[in-house]
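Engineer: To start, I am sharing the structure in question, which I have written as structure tokens.
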Amino acid sequence: MKNIILILIVATFLTNCSSNRLVHQYKNPETGFFESNKLFIIGLEGNLELREEFEKKLSQAFDKEKVRSVKSIDFFEDSFTKEKKTLEELNTIEQTLLNAGFDAILITKVLGTERRYYTSRMLHEFMTSNQTFEDYYFGNQYKYLKQKGKKEDYTIHIIETSLYCICPEKERELLWRGEIEIKDSNNNSKNIHNFIDVLFENLKENDLLLIY
């Protein structure tokens, strides 16, 4: 019974570690506690339908945390991400946002996807690492015989999110940036939900945007 419980605990641990998590982050050393009065949300995604769903769900999540936010797709429609912007145009956009009361921008983009693999024997080998030599050898001799365990694969989406301050005295200053891995669930809504969970957990840990 103890072995079964231990296997379940380790299996849960490995699943969490291999799926949805923050892998890299940077926080500006000068950034302490940051509270936004009005957050501008940008999803850099060419698929208009997916961008709209992402920005909508993220904005709703911030609303639940009492953080006022506006979707870029509502403010600038689809031209904001479809058309290339010059520095002068970005300065104009920033001034437009300042005039509208925004003080922070949250930009999210998918950096890429990766295919990852594991075999059905991986957990078994880990769990039985305290075997005797004989048990360990016989349990792993398939390696020498070139017999492979069942191979399974899954897709990881690598997503980068950046938080910028557009306060009047600062010029698009980076406050925080995080790189998050999300295991593809074959469901966009579920993927977005998982991303938001990881994002909010780390915004909270970094005292950003008043996430409780």
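Each value in this text was obtained by applying a stated rule to the coordinates, not by laboratory testing. Being a predicted model, the structure only gives us computed values, none of them experimental. Backbone-built Cβ (ideal geometry, glycine too); neighbour counts: all protein chains shown.
Engineer: What is the distance, in nm, between label points placed 7 Å from the Cα along the Cα-to-Cβ direction at Lys204 and at Glu179?
Structural biologist: With each label placed 7 Å out from Cα toward Cβ, I get 2.5 nm.
Engineer: Pull out the extension gain between Glu35 and Thr86, defined as 0.36 nm times the separation in residues minus the alpha carbon to alpha carbon distance; nm, one decimal. Mind showing how you got there, number by number?
Structural biologist: Details: separation 51, 0.36 × 51 = 18.36 nm, distance 2.92 nm.
Contour length minus Cα-Cα distance gives 15.4 nm.
Engineer: Tell me, what ³J(HN,Hα) does each residue in the range 89-103 have, in order and in whole Hz, if you take phi through Karplus 6.51 cos²θ - 1.76 cosθ + 1.60 with θ = phi - 60° and put x for Gly and Pro?
Structural biologist: 5, 5, 4, 5, 4, 4, 5, 4, 5, 4, 5, 8, x, 6, 10
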